[in-house]
Amino acid sequence: MEPENLLPSRRRAVLQALAALALPAGLTVRAAQWPERSITFVQPYAPGTATDASSRYIAQQISERWKVPTVMEHKVGANSIIGTEYVARAAPDGYTFLITSTGFFTNEAMVSKLPYHPLDSFVPVAKVGGVQLLLCVPANSRLRSAKELVDFARANPGRLTYASGGNGSSQHLSGAQLGTLSNTQLMHVPYKAQVPAAVATASGEVDFSFIAIATAKPLLAADKIRVLAVSGSSRSASFPEMPTVAEAGVPGFEWVANTFFLAPANTPRDIVRKLSGVLGEVAGSDGYREFTKGIGMDADFMGEAEWSRTIAAERQRYLQVVRASGAKAE
């Protein structure tokens, strides 16, 4: 008899296998000919992000390789919940997919009840990249390294302030994680968006913040801020000389906004594997690596099999960070 507490990934695999048996015969047959018409990729975020730029690059490559149209739709609202629910309720026929990022995980801890289940309502397809944040201070700050920042925070509880683009944002949660893992008391100062938060850092209104690479570039070019470290578990291709926060003395620290593809639950496995395969081809190309480096993204790819094994642990890691921060949706 199977134990009740099956691992989430195994439980999902069992549910999907049972659901596949119930699929109409016609849908199974059509999977062999897929795709026969345009494919819609839904993003639950506004245009202009690194996720958006990389997704459009990928969609164009898919269209050229498979000779079918691809459509990019932005269904924005409720901190990405509207677009995510739309895909969760879409037909599992291989013509609607979700392209999402960190909010997919953090919403679960910030919202009392979601209209979908982050694991059971979707099938993992692939991860195509990740955006690290830069730990930045004003250019004239006396703090010259991440270690100095942490040492000062330990010696002066509650003295250091950090800016974010709002409660529950990546900037907020990465700062909260830094405080938790370094056992320091850091004061969060929320702004209405990440750009005002970055400007506040440059002007010295706050002592530091985690800033997206694309947002930081003009401030770096103007010598308004300095970078102390990057937020990933490994160094960024865009800033290879910069240590990670973990290297700088905060073991276990990691914050990366991954971009990944999901299909509605019960999408035929052959379709999922086929899409994952072409995503791997694109993500492994020199063109994609150069493109993502230019927008501050690391071309870190995981195919369907590996991402399916990883996504449950990824979810738990983000949930722990959000719960430790006490962040709630506004």
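Quick note: the coordinates plus some simple rules give every number you see, no bench work behind them. What you see is a predicted model, and the numbers here were worked out from it, not measured in a lab. So basically every Cβ, Gly included, is an ideal-geometry build from the backbone, and we count neighbours across all protein chains shown.
Things to note:
- Comparing Ala32, Ala248, Ala216 in a Gaussian network model of the chain (Cα springs below 10 Å), the most mobile by mean-square fluctuation is Ala32.
- Taking the average, over residues, of other Cβ atoms within 10 Å as the packing measure, peptides 162-169, 205-212, 145-152 rank 205-212, 162-169, 145-152 from highest down.
- Distance from the Cα centroid of the stretch 112-130 to that of the stretch 260-290 is 15 Å (rounded to whole angstrom).
- DSSP assigns beta bridges within the chain; of those with both partners inside it, close to 60 percent run antiparallel.
- For the stretch 132-230, the square roots a ≥ b ≥ c of the C-alpha gyration tensor eigenvalues yield an a/c of 1.5 or more together with a/b not exceeding b/c, which makes the shape oblate.
- Under a 5 Å amide H cut-off, with hydrogens placed 1.01 Å from N, Arg226 pairs with Val137, Ala139 among residues at least 5 apart or on other chains.
- Cα shape, the chain, gyration tensor, a/c 1.5 rule: prolate
- Cα-based reach from Lys217 at 29 Å (exclusive), listing lysines while leaving out same-chain residues under 8 positions away: Lys75, Lys127, Lys147, Lys192, Lys293
- Span-rule helices in the chain, defined as complete DSSP H runs reaching 27 Å or more along the axis (Cα) with Kyte mean at least -1.0: 304-325
- Charging the Cβ of each Asp and Glu at -1 and of each Lys and Arg at +1, and nothing else, the dipole of the stretch 132-230 about its Cα centre rounds to 80 debye.
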